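Participant: I am attaching a structure below and will ask some questions about it afterwards.
We did not get these values from a lab; they are worked out from the coordinates using the rules stated. Small disclaimer: the values here were computed from a predicted structure and weren't measured. Neighbour counts run over all protein chains shown; Cβ positions are idealised from the backbone, glycine included.
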Amino acid sequence: MDRLTAMRTFCRVAELESFSRAARQLDLSPAVVTRQVAALESELGVRLLDRSTRHVELTDAGEQYYASSLELLDRFDELQARTTGHAEKPRGLLRISAPLDFGIVYLRSAIRTFLSREPEVQVEVHFDDRLVDLLDENFDVAVRIGELGDSSLVARKLGEACIACYASPEYLAMHGEPKHPTDLENHQVLEYALAPKPGKWRFPDGDQSIDVNVNWRLSANNGRALASAACEGLGVVQLPEFLVIDHLEQGRLMEILRPYRSAPLAISLLYLQRRYNPAKIRAFSDFLHQHFSSQQFGSCEQAEVA
C-alpha cells in the first residue's frame, strides 16, 4: 500500500511539474512528497524526475514509469471498486487530444459542461491537428476526424463531417467556376499544410477517385485561417463544412464542385483497448456520445454529377 501511495504521489508531481503544488493538492507537506518520491527512486534504482529550482520534468525512465503507473493505479482502483461493490467515481486527470478547429468550435463548451458534472475530474486538453500516440504520449482519449489507422484503439463514433471545396463570389467572378476537379489545376488553391498528401487533392467519382495535383498559393496548418483567406478571394479551399457554415450563410463563400464532395467522414473518440478503462474515460465517452447525438456538423448529401 505504501508503494501505491508513493506511485500516486509521483504521478501527481509529474502531472503538475511541481513538488509544492502536488503537496497542496494531496494535502501533504512538501517534505513528505519529496521523501515519497525519493524513496521510490531509491527502491527502483533510477532517477524518475529531474529537479531544478523552478522546474520538475520526467526523465526517460520516468516517462515509462509514469505511463505504467497510471495504468496500474487505474486497474487497482477498478479492482477495489468491483470488490467492494461500489461504483467507481470518475476522478483524476483526463488528458485529451483534439483537432484545433473542431476542438475550439465544438469541444470546448462540451468540456466545460463535463467538468460541471464531474467535480473530481481534472481535464488537460491539447488542441493540435497532429496525430498523437495515445500510449507513448500519455493521452487518455483523442478526437479524430476521418480514417482510423490504429486497430489497437477503441473508436466511438460521435458524428460525421464532409469535406468540400469553397471559394468567394469575387474569386469565382474573376477566375470562373471550376466544373470538374481537374479544372483546379488551373486555379489558385489554399493548401492545408498537415494534409496526408500535400499538393494532391482527392475527389470521389462513383466507385473510383480522382487525384488532382494542385499548385497552392497559400499553405497553412489551420483550417479557420484558410477559410478566412478564401473569403478574401485568395483561392479555392478544401475544408470540412463545419468550419465554413457561417461564411456560407453570410455569402462570403460558395460551395463549388458539390457532386465531388467527400463521403461522410467519421468523427470519433479514441481510447486504448484494455480490459478495465478508468471511470473518467468511460464517463467522458458516454457524455460526449450523448452530447453530440443531436449535433449536426454540416450536410453530407452529394449532388448528382451533371
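Participant: What residue among A279, A61, A161 shows peak mean-square fluctuation when the chain is described by a Gaussian network model with Cα springs under 10 Å?
Facilitator: Maximum fluctuation in the GNM of the chain, among the listed residues, is at A61.
Participant: If you don't mind, another one. Can you work out the FRET efficiency for the pair V123 and E232, with r the C-beta to C-beta distance and R0 = 45 Å, to the nearest 0.05?
Facilitator: Values: r = 36 Å, r/R0 = 0.79.
Computed FRET efficiency for V123 and E232 comes out at 0.80.
Participant: Under a crude label model (7 Å from the Cα following the beta-carbon direction), how far is S209 from Q80 in nanometres?
Facilitator: For the pair S209/Q80, the computed spacing is 4.8 nm.
Participant: While we're looking at this one, here's another question. Taking other Cβ within 10 Å of each residue's Cβ, how do Y271, Y166 sort, fewest first? Working shown, then result.
Facilitator: Numbers: Y271 20, Y166 25.
Ascending Cβ contact count within 10 Å gives the list Y271, Y166.
Participant: Roughly speaking, what is the stretch gain from S109 to L72, that is 0.36 nm per residue apart minus the C-alpha to C-alpha distance, in nm to one decimal? Spell out each step's value before the answer.
Facilitator: Numbers: separation 37, 0.36 × 37 = 13.32 nm, distance 3.14 nm.
Between S109 and L72, full extension yields an extra 10.2 nm.
Participant: A further question follows. For K197 and S52, calculate 0.36 nm times their separation in residues minus their Cα-Cα distance, and state this gained length in nm to one decimal. Before the final figure, lay out the partial values.
Facilitator: On the way: separation 145, 0.36 × 145 = 52.20 nm, distance 4.27 nm.
The span from K197 to S52 would gain 47.9 nm if fully extended.
Participant: A further question on this structure: Taking the inverse of the average 1/r across all pairs of different Cα atoms in segment 163-260, what Kirkwood radius in Å do you get? Walk me through the intermediate numbers first.
Facilitator: Details: mean 1/r = 0.0755 Å⁻¹.
For segment 163-260, the Kirkwood estimate is 13.2 Å.
Participant: Less than 25 Å apart at the alpha-carbon level, and either on another chain or at least 8 residues along: which lysines does that give for K179?
Facilitator: Partners found: K197, K200.
Participant: Setting aside same-chain residues fewer than 8 positions from K89, which lysines have a Cα under 21 Å from its Cα?
Facilitator: Counting by Cα, and skipping residues close in sequence, K89 has these lysines nearby: K280.
Participant: Can you give the FRET efficiency to the nearest 0.05 for H180 and L218, using r as the Cβ-Cβ distance and R₀ = 22 Å?
Facilitator: Numbers: r = 23 Å, r/R0 = 1.04.
E(calc), rounded to 0.05, equals 0.45.
Participant: To continue, here is another question. Given the C-alpha centroids of segment 1-57 and segment 162-178, what is the distance between them in whole angstrom?
Facilitator: Answer, in whole Å: 57.
Participant: Which value in deg cm²/dmol, rounded to the nearest 500, describes the helix-derived mean residue ellipticity at 222 nm for the chain, given -39,500 (n - 2.57) per DSSP H run of n ≥ 4 and division by the residue count? Could the numbers behind the result be given before it?
Facilitator: Details: 9 runs with 107 residues, N = 306.
After summing the helix terms and dividing by residue count, I get -11000 deg cm²/dmol.
Participant: Using the 10 angstrom Cβ neighbour count as an exposure proxy, how do V13, V37 rank, fewest first?
Facilitator: On the way: V13 28, V37 24.
Ranked by crowding around the Cβ, least crowded first: V37, V13.
Participant: Using only Cα positions of segment 2-84, each an equal point scatterer, no hydration layer, compute I(q)/I(0) via Debye at q = 0.25 Å⁻¹ and quote the log10 values to two decimals.
Facilitator: Evaluating at q = 0.25 Å⁻¹ gives log10 I(q)/I(0) of -1.27.
Participant: To continue, here is another question. For the chain, find the longest principal axis of its Cα atoms and tell me its angle to the long axis of helix 2-16, 0 to 90°, nearest 10.
Facilitator: With rounding to tens, the tilt is 40 degrees.
Participant: In whole angstrom, note down how far apart the Cα centers of segment 216-277 and segment 99-157 are.
Facilitator: Taking the Cα centre of segment 99-157 as reference, the centre of segment 216-277 is 19 Å away.
Participant: Continuing with the same structure: Which of the peptides 45-54, 227-236 is most tightly packed, and how do the rest follow, judged by the mean count of other Cβ atoms within 10 Å per residue? Intermediate values should be presented prior to the final figure.
Facilitator: Working: 45-54: 11.9, 227-236: 19.8.
Output ranking for 45-54, 227-236: 227-236, 45-54.
Participant: Sorted from largest down, give the three principal axis spans of the alpha carbons of the chain, whole angstrom values.
Facilitator: 72, 44, 34
Participant: Stretched out fully, how many nm does the piece from A225 to R21 gain, at 0.36 nm a residue minus the Cα gap?
Facilitator: On the way: separation 204, 0.36 × 204 = 73.44 nm, distance 3.74 nm.
Result: 69.7 nm gained on full extension.
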